[in-house]
Amino acid sequence: MDKLTVFINNEIVFEYDRDLTIEDQQLAFLDRMDADMERGIKIRGELLVNPDSQQRATFVAMNLIKALQQDNEAVISASCAYLANRHPALIEVHANDHDNAVKIELIEE
């Protein structure tokens, strides 16, 4: 099974099966996520007007971490699907507390 593994403070907290089929309706939702992010996103209080692919992935990963902490299955599912679909080489998401902020690191194979 091909997985996307999510770590918080070096502990595995979630594994997403990348082999799951994403239905057309879900793909349309991922497209809407991209369209929403085209209007700008905030990362660590900084507004990014035209975020690139890596900045979008970081933004989605931050939302994924928040959703995991809040046990929000819908956002967890959408975030993982986005990361797996838009970043096929991504194998791990690491979130670590660092100086009162969360540092996100995306690991590709």
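The values are calculated or read from the model by the stated rules, or taken from the named source; none is laboratory data. All values reported here derive from a predicted model rather than from experimental measurement. All Cβ positions, glycine included, derive from the backbone under ideal geometry; neighbour counts span all protein chains shown. When the accessible area is computed, the model is the full protein with side chains, heavy atoms only, and any ligands, DNA or RNA have been set aside. Shrake-Rupley method; radii C 1.70, N 1.55, O 1.52, S 1.80 Å.
Worth pointing out:
- In terms of overall dimensions, the chain has a Cα radius of gyration and Dmax of 13.3, 41 angstrom.
- Partner aspartates and glutamates for residue 3 [C-alpha distance under 19 Å; skip if fewer than 8 residues away on the same chain]: 11, 15, 17, 19, 23, 73, 92, 105, 108, 109
- Probing with 1.4 Å while keeping every protein chain in the model, the per residue accessible area of the chain equals 62 Å².
- Adding -39500 (n - 2.57) for every DSSP H run of four residues or longer, then dividing by how many residues the chain holds, sets the calculated 222 nm ellipticity at -14000 deg cm²/dmol.
- Computed in the context of the full set of protein chains, the accessible area of the chain at 1.4 Å probe radius has 45% of its extent on carbon or sulfur.
- Of all DSSP bridge pairs formed entirely within the chain, close to 80 percent run antiparallel.
- Highest mean first, the peptides 65-76, 14-25 sorted by other C-beta atoms within 10 Å per residue fall in the order 65-76, 14-25.
- Among 16, 28, 53 the positive-end extreme of the charge dipole of region 16-95 (Cβ point charges): 53
- Distance from the Cα centroid of region 34-88 to that of region 16-32 is 14 Å (rounded to whole angstrom).
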